[in-house]
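Visitor: Below: one structure in structure tokens.
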Amino acid sequence: QVQLVESGGGLVQAGGSLRLSCAASGRTFSSYTMAWFRQAPGKEREFVATITGSGSRIYADSVKGRFTISRDNAKNSVYLQMDSLKYEDTAVYYCAASTSIWIIRSADRYDYWGQGTQVTVSS
């Protein structure tokens with residue numbers, strides 16, 4: 001069983017930055033594919049970014065060039081650095097873990113989820 005705890009959300013002005021963190025339990029964290037998803041009010045949960053245990057990563061087109069996903073296997077943690085934030089980035093951000101070693105965009109392929117952290121960008 002893996003537990004994920006997100007932190008770092010908050011209120012920021014458009015153009016600002018935030019860094020989200022996700023702390024994971026579990027001895028095999030380094031082999032998990034990790035991801036960030038987000039869900040805005042009235043919308044479906046959407047993929048943001050993912051990183052494999054070997055460091056391969058992909059991003060949603062809407063955040064490419066502005067967000068950076070990274071991980072520190074020694075700390076069992078994954079991060080999402082969000083720069084040049086826009087109003088439309090406002091959402092609850094979720095950390096997710098998959099026991100697969102591959103790049104995965106689909107939410108239903110992830111096995112574990114955090115409780116989410118709110119990010120609000122004011123225009």
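Visitor: Considering only residues that are open to solvent by 40 Å² or more (accessible area, probe 1.4 Å) and of a type in the set (S, T, N, Q), look in the range 94-112 and name the one that is modelled with the highest pLDDT.
Guide: We begin by selecting, within the range 94-112, every residue open to solvent by 40 Å² or more (accessible area, probe 1.4 Å); these are 99, 101-103, 105-106, 108-109, 111-112.
Next, from what is left, pick out any that are of a type in the set (S, T, N, Q): 99, 106.
On the way: Thr99: 91, Ser106: 94.
Once the filter is applied, the top-ranked residue is Ser106.
Visitor: Continuing with this model, one more query. Of all residues in the range 99-123, count the ones that are in a loop (DSSP other than H, G, I, E, B) and either in contact with a Cys (Cβ under 7 Å, 6 or more places away or on another chain) or over 20 Å from Thr33 (Cα atoms) (or both).
Guide: Residues of the range 99-123 that are in a loop (DSSP other than H, G, I, E, B), as a first pass: 99-106, 110-111, 114-116, 123.
Filter once more, keeping what is either in contact with a Cys (Cβ under 7 Å, 6 or more places away or on another chain) or over 20 Å from Thr33 (Cα atoms) (or both): 114, 123.
Number satisfying all stated conditions: 2.
Visitor: For the range 77-98: of the residues being part of a strand (DSSP E or B) and of a type in the set (S, T, N, Q), which is nearest to the chain's Cα centre (by Cα)? Working first, answer last.
Guide: Our first condition is that a residue be part of a strand (DSSP E or B); within the range 77-98, this holds for 77-82, 91-98.
Narrowing the set further to residues that are of a type in the set (S, T, N, Q) leaves 77, 81, 98.
Working: Ser77: 11, Gln81: 9, Ser98: 13 Å.
Among them, the one singled out is Gln81.
Visitor: Can you work out which of the residues in the range 74-93 that are of a type outside the set (Val, Ile, Thr) and under 13 Å from Glu46 (Cα atoms) is most open to solvent (accessible area, probe 1.4 Å)?
Guide: Pass one, the range 74-93, residues of a type outside the set (Val, Ile, Thr): 74-77, 79-89, 91, 93.
Then keep just the ones that are under 13 Å from Glu46 (Cα atoms); that gives 88-89, 91, 93.
On the way: Glu88: 120, Asp89: 1, Ala91: 2, Tyr93: 0 Å².
The extreme case among them is Glu88.
Visitor: Return the residue satisfying two criteria in turn: it lies in the range 28-53 and is in a loop (DSSP other than H, G, I, E, B) and in contact with a Ser or Thr (Cβ under 9 Å, 6 or more places away or on another chain), and of such residues it is surrounded by the most Cβ atoms within 10 Å (Cβ to Cβ). Spell out the reasoning first.
Guide: First, the residues of the range 28-53 that are in a loop (DSSP other than H, G, I, E, B): 28, 32, 40-45, 52-53.
Still in the list and also in contact with a Ser or Thr (Cβ under 9 Å, 6 or more places away or on another chain): 28, 32, 40-41, 52-53.
Working: Thr28: 11, Tyr32: 26, Ala40: 14, Pro41: 7, Thr52: 20, Gly53: 16.
Of everything passing the filter in the range 28-53, Tyr32 is surrounded by the most Cβ atoms within 10 Å (Cβ to Cβ).
Visitor: Could you identify the single residue in Ser62, Ser21, Ser70, Ser25 that is open to solvent by 50 Å² or more (accessible area, probe 1.4 Å) and hydroxyl-bearing (Ser, Thr, Tyr)?
Guide: Working: Ser21 fails: open to solvent by 50 Å² or more (accessible area, probe 1.4 Å); Ser70 fails: open to solvent by 50 Å² or more (accessible area, probe 1.4 Å); Ser25 fails: open to solvent by 50 Å² or more (accessible area, probe 1.4 Å).
One residue alone meets the criteria, Ser62.
The values are calculated or read from the model by the stated rules, or taken from the named source; none is laboratory data. Since we're looking at a predicted model, the values are computed, not measured. Here Cβ is always computed from backbone atoms with ideal geometry, including for glycine, and neighbour counts include all displayed protein chains. For the accessible areas, the whole protein counts, side chains as well, though only heavy atoms, and no ligand, DNA or RNA atoms are used. Shrake-Rupley method; radii C 1.70, N 1.55, O 1.52, S 1.80 Å.
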